Every structure is written in C-alpha cells, then in structure tokens.
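Down below is the structure, laid out as structure tokens.
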Amino acid sequence: MTKALACPACDDTGWVCENHPGRPAFGDRACECRGAGAPCPKCNQIGERETPRLPKGFKPVIDKKGWRH
Ligand SMILES: [Zn+2]
Ligand SMILES: [Zn+2]
C-alpha cells in the first residue's frame, strides 16, 4: 500500500527545492541538487508577517522582512 501524501510536491515537509519546486527539499525524497529550500507554494503559503512552518530540526535564518525569491 502506497503511503498517501497530502502534498506530493513537498512530500508533506512543507518545503520544496528552491531550484525544483516540484521536489521536496527534505525527507527521504529530498532533491538531489541540494539547493536551498523554499516554502511549498501548494501547502506552505506564507503571508508577509507569517513564518512558514519548518521541518523537524531545521532552523534556517529567517529575514524579518520575509523570504526573497
Ligand atoms: Zn533541486
Ligand atoms: Zn507542499
């Protein structure tokens, strides 16, 4: 039985590869390019003053002004 994922883009981590938005940045299927992580556009949308949820054990430096793309 295949494990169902709520979000196949980020593998439910809430983060995708910055270079490849269709691949998760963390987890077992993390993108192999080792690019920077970016909040998943499908399930981890953030507002101007919000902080995106983070994967376990991951503490990036977050600019108070928000994320740059
Ligand atoms: Zn990538
Ligand atoms: Zn997602």
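Since every read-out is calculated from the coordinates, none of them should be taken as a lab result. Because the structure is predicted, anything quoted here is derived from the model rather than measured. Using ideal geometry, Cβ is built from the backbone for each residue, glycine included, and neighbour counts are taken over all protein chains shown.
Would you check if there is a residue in the range 24-34 being outside any loop (DSSP other than H, G, I, E, B), out of contact with any Leu (no Cβ under 8 Å at 6 or more places or on another chain), within 16 Å of residue 5 (Cβ to Cβ) and free of Cβ contacts under 8 Å to residues at least 24 places away in the same chain?
Yes: one or more hits.
Residues in the range 32-56 that are on the phi < 0 side of the Ramachandran plot and more than 11 Å from the chain's Cα centre (by Cα): 32, 33, 35, 46, 47, 48, 49, 50, 51, 56. Is there any pair with a first residue in the range 36-48 that is loosely packed, with under 11 Cβ neighbours inside 10 Å and a second that is assigned to a loop (DSSP other than H, G, I, E, B) whose Cβ atoms are under 8 Å apart and which are 6 or more apart or on different chains, and what are they? Matching pairs, first to second residue: 48/66.
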